[in-house]
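The values are calculated or read from the model by the stated rules, or taken from the named source; none is laboratory data. The structure displayed is predicted, hence computed values, not measured ones. So basically every Cβ, Gly included, is an ideal-geometry build from the backbone, and we count neighbours across all protein chains shown. Side chains are part of the model used for accessible areas, which takes the heavy atoms of the whole protein and leaves out ligands, DNA and RNA. Shrake-Rupley method; radii C 1.70, N 1.55, O 1.52, S 1.80 Å.
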Amino acid sequence: MAKILVITSGKGGVGKTTTSAAIGTGLALRGYKTVIIDFDVGLRNLDLIMGCERRVVYDFVNLINGDSNLNQTLIKDKRSDNLYILPASQTRDKDALTLEGVEGVLNQLSETFDYIVCDSPAGIEKGAHLAMYFADEAIVVTNPEVSSVRDSDRMLGVLSSKSRRAEQGERIKEHLLLTRYSPARVESGEMLSVSDVEDILSIPLLGVIPESQAVLKASNQGIPVIMDDKSDAGQAYSDAVERLLGKEVPHRFLEAQKKGLLKRLFGG
């Protein structure tokens with residue numbers, strides 16, 4: 001049986017789809033057969049970040065409605081034999097997804113995949129609820145700012161009360177992923193620190209992704225940023241995947257880099 005992992009947050013624009021692409025790719029590169037599902041019906045973006053937008057023929061709603069089968073709908077990633085993408089529909093609204101339809105697709109995928117990564121839309125509406133309802137584990141993505149953290153706290157409440165596991169008296173295993181983190185801005189008081197966010201949300205820290213131009217560059221190129229192993233963001237996502245798989249990996253990129261003498265003199 002596959003492990004179902006939802007990538008969620010209360011706020012939009014915090015990096016959920018970037019995280020879904022990176023985590024899914026990281027799992028696939030480590031030998032796990034992985035599928036990433038885009039639940040953001042009407043606002044499809046996962047295919048762009050994965051660089052497969054021109055290969056979309058059928059989508060998640062087609063599959064639920066029986067207009068296509070799994071083989072027709074899944075897009076195999078060109079970089080990894082273990083990775084597949086299930087794109088969202090751009091022309092339908094979120095009411096096109098049903099609890100029964102999503103469960104049927106997840107049951108089919110569970111027969112052949114090790115991990116199912118659900119890329120949730122923001123907020124607590126129907127699409128987000130369906131993305132997390134069947135989850136075994138959740139990665140809550142937040143930026144180090146008060147409004148983002150508050151919205152993530154609300155999502156934790158939804159995860160603990162409106163998921164299938166909650167209905168069965170169980171808990172979804174929760175992880176915190178902090179994105180767009182800038183130690184220099186934390187030091188100047190412009191941004192919450194890691195410990196501030198941990199104190200508010202009280203869930204285990206999976207990773208801290210530094211603010212990095214590599215994320216935007218990778219998105220524009222249609223390449224998951226985890227593939228850029230020279231970048232700080234790529235390395236941070238790789239570390240997060242290792243921790244997700246149960247390995248002890250120290251956190252990096254938590255402190256501002258000190259400029260050397262030449263950089264201070266010449267403004268580098």
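Any chance you could count how many residues in the stretch 192-211 are over 17 Å from the mean Cα position of the chain (by Cα) and buried (at least 19 other Cβ atoms within 10 Å of the Cβ)?
Looking only at that region, the number is 3.
So, in the stretch 113-129, exactly how many residues are under 17 Å from THR25 (Cα atoms) and more than 17 Å from the chain's Cα centre (by Cα)?
Of all residues in the stretch 113-129, those under 17 Å from THR25 (Cα atoms) come to 113-120.
When the remaining residues are screened for being more than 17 Å from the chain's Cα centre (by Cα), the result is 113.
Total satisfying the criteria: 1.
Considering each of LYS247, LYS162 in turn, give the residue that is open to solvent by 70 Å² or more (accessible area, probe 1.4 Å), modelled with pLDDT of 95 or more, out of contact with any strand residue (DSSP E or B) (no Cβ under 8 Å at 6 or more places or on another chain) and not β-branched (Val, Ile, Thr). Walk me through it before giving the result.
Working: LYS162 fails: modelled with pLDDT of 95 or more.
Going through LYS247, LYS162 in turn, just one is open to solvent by 70 Å² or more (accessible area, probe 1.4 Å), modelled with pLDDT of 95 or more, out of contact with any strand residue (DSSP E or B) (no Cβ under 8 Å at 6 or more places or on another chain) and not β-branched (Val, Ile, Thr): LYS247.
Would you check if there is a residue in the stretch 177-185 being aliphatic (A, V, I, L, M) and open to solvent by less than 20 Å² (accessible area, probe 1.4 Å)? Scanning the stretch 177-185, I find at least one residue that is aliphatic (A, V, I, L, M) and open to solvent by less than 20 Å² (accessible area, probe 1.4 Å), so the answer is yes.
With the requirement that a residue be surrounded by fewer than 20 Cβ atoms within 10 Å (Cβ to Cβ) and more than 15 Å from the chain's Cα centre (by Cα), what does the stretch 212-226 give you? GLN213, ALA214, LEU216, LYS217, ASN220, GLN221, GLY222 - these are the residues of the stretch 212-226 that are surrounded by fewer than 20 Cβ atoms within 10 Å (Cβ to Cβ) and more than 15 Å from the chain's Cα centre (by Cα). Of the helices (runs of 4 or more DSSP H) lying entirely inside the stretch 1-112, the ones with 2 or more residues being in contact (Cβ under 8 Å) with a residue 24 or more places away in the chain, buried (at least 19 other Cβ atoms within 10 Å of the Cβ) and in contact with a strand residue (DSSP E or B) (Cβ under 6 Å, 6 or more places away or on another chain) are found at 16-29.
Can you pull out every residue in the stretch 60-78 that is of a type in the set (Lys, Arg) and more than 19 Å from the chain's Cα centre (by Cα)? Walk me through it before giving the result.
Applying the first criterion (of a type in the set (Lys, Arg)) to the stretch 60-78 yields 76, 78.
Of everything in the stretch 60-78, just one residue is of a type in the set (Lys, Arg) and more than 19 Å from the chain's Cα centre (by Cα), namely LYS78.
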